[in-house]
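Here the structure comes first, spelled out in C-alpha cells, and everything after it is commentary.
No lab work stands behind these numbers, since they all come straight from the coordinates. For clarity, every value in this text was computed on a predicted model and none was experimentally measured. Here the Cβ positions follow ideal geometry from the backbone for every residue, glycine too, while neighbour counts run over all protein chains shown.
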Amino acid sequence: MNANLDRSSNVNHHYDAKANSSTLPSVTVIGLGSMGSKLARTFLHSGYVTTVWNRTPEKAAELVGLGASGATEIADAIAASPLLIICVLDYDAARHILEPMKEKLSGKVVVNLTTGTPEEARTMGAWMRNLGAEYLDGGIMAVPSLIATPHAVILYSGSMTAYENYKQVLDSLGTSHYLGSDPALAPLNDLALLSGMYGMFGGFIHAVALVGTEGVKAVDFTTTLLMPFLQAMMSTMPEMAKQIDSGDYSAKDASLAMQAAHDTIGEVSRVQGVSPETFTPIFELMKRRVEDGHGGDDFASVIELIRKRPSS
Ligand code: FVH
C-alpha cells in the first residue's frame, strides 16, 4: 500500500526519502538508558537533528556534547520533532511519561521500542490513535553495541504510514522488518524469537555440562562439534515448519516412537551427575505424543500438545 493513499493516517507530514539532508526529519529520543543512548547516538551520526530527554537529565550530557539538543522539559522534547522514539524500562514508564503530554501528541509519530507484551502494545496503539498520533511498536532483537549494524534486527508493527514515511530513519538503526498493522505483532514475534533462543541456550548448557563431566572443555566441544551439529539440525527447520503449516507430520527420517523409545539422555545425565531439567520437558512431550498414538509422526507434531490455533 502506498503510504500517501492511507486516508486513515493522522499524520500529514511526509518526507521524501530521496531528498537531500536539509529535508531530513528531526528526531526526539525519550529515554537514555543503555539502549536509548545508543539509538540517539546513531541518529546523530546519521545526520538527523536529534533532541533527547531522560527522567534523570545527567544522562543527556554526553549526547549533548555530540550535538544533540538536550530538552529539560518533556513537553519541549515532544514539540521539537515530528518523530518521537521512546525506549524506557517498561510500558508503565512510557505511559507515565506520555500521559501528562497527551494533548501534545496529536500529529506526531510515536515509535515505542520499549519491550512489552502484545496486549500492552495494542492498548498503547489504541490510546495513541485516539490522541491523533500514528503509532509503531517495535522490538529490538539486539544489544546496544549491535545497533547501527545490519545484525541489529528491529521488528515493527502498527501504522504502515508511519513505517513507510520514516523507514529511512529507522533503517539507520539496523535491519527493519515491518510485520503488519496490529501493534501486538512486534512484541509477539520478539518474544517468540527469544523463546527460540532460550530453548537453544538450554540445550547448549545441558550439552556442555554433559561432556564436561569427563573433562571436555566447553570451548573445544562448542566450536568443533556442537555448533556444526546444531547448524545441520537448523537446516531441517523449514521442513518441520512446512509440516506444522500443513498438519501432515508423517515421519520421513526419524519417527517420534524411535526418538522417545528410551530416555537415554536423561538416564546418562543422571549417571554422570548432570541434572536433566532443561531436557526433560521436551522429552515428556515427545513420550506423551507417542502415547496418544502419534509415534509415526515427525518431531514437529509435538506442537499439537502445546499450541492454541487462532480462531478463524
Ligand atoms: N539493553 C538491551 O540489551 C536490551 C535489548 C533489547 C531491548 N531492550 C529493551 O529496551 C528498553 C530499554 O532498555 P535499556 O537497556 O536502555 O534499559 P536501562 O539502561 O535500564 O534504561 C532504562 C530507561 O528507562 C527509564 N525509566 C525507567 N523507569 C522510568 C520511569 N518510571 N519514568 C521515566 N523513565 C523511566 C530510565 O530513566 P532513568 O532511570 O535514567 O532516569 C532509563 O532511561 C527496555 O524495555 C528493554 O527491555 C534493551
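Dividing the helix sum by the residues of the chain, where each DSSP H run of 4 or more adds -39500 (n - 2.57), gives a mean residue ellipticity at 222 nm of -12500 deg cm²/dmol. Residues considered: T223, T161, T50. Largest GNM mean-square fluctuation over the chain, using C-alpha springs under 10 Å, is found at T223.
Can you put R289, R122 in order, fewest other beta carbons within 10 Å first? Numbers along the way, then the final one.
Details: R289 22, R122 18.
Ascending Cβ contact count within 10 Å gives the list R122, R289.
Between F201 and M240, the simple label model (points 7 Å from Cα in the Cβ direction) yields a spacing of 1.9 nm. Comparing N54, N112, N130 in a Gaussian network model of the chain (Cα springs below 10 Å), the most mobile by mean-square fluctuation is N130. Alpha-carbon geometry of region 165-312: the Rg and the Dmax are 18.9, 60 Å, given in that order.
Per residue, the convex hull spanned by the alpha carbons of region 5-181 comes to 106 Å³. Using the charge dipole of the chain (Lys, Arg: +1 at Cβ; Asp, Glu: -1 at Cβ; taken about the Cα centre), state which of V29, S69, G293 has its Cα farthest towards the positive end. Projecting each Cα onto the dipole axis, the largest value belongs to S69. Between region 205-281 and region 49-111, what is the C-alpha centre distance in whole Å? Comparing the Cα centres of region 205-281 and region 49-111, I get a distance of 46 Å.
Assigning unit charges at the beta carbon (Lys, Arg +1; Asp, Glu -1) and nothing else, what dipole magnitude in debye, to the nearest 20, does region 48-123 show about its Cα centre?
Details: 7 positive and 10 negative charges, 38 e Å.
Dipole size: approximately 180 debye.
FRET efficiency for the pair S26 and T223, taken as 1/(1 + (r/R0)^6) with r the Cβ-Cβ distance and R0 = 51 Å, rounds to 0.65. Between R309 and S181, the FRET efficiency from the beta-carbon distance, with R0 = 22 Å, is close to 0.50.
Exposure proxy ranking for E164, E134, E277, based on other Cβ atoms within 10 angstrom of each Cβ and starting from the fewest, stands as E277, E164, E134.
Positive end of the dipole of the chain (Cβ unit charges, origin at the Cα centre): among S275, L131, L225, the Cα lying farthest that way belongs to L131. Indicate, rounded to the nearest 5 percent, the antiparallel portion of the DSSP beta bridges found entirely in the chain. Percentage antiparallel, nearest 5: 25.
Neighbour counts of other C-beta atoms within 10 Å: give me E119, E103 arranged from fewest to most.
Details: E119 12, E103 9.
Arranged by neighbour count, lowest to highest, E119, E103 become E103, E119.
Using the Cα centre as the reference, give the magnitude of the dipole from point charges on the C-beta atoms of region 5-181 (Lys, Arg: +1; Asp, Glu: -1; all else neutral), rounded to the nearest 20 debye.
It comes to approximately 180 debye.
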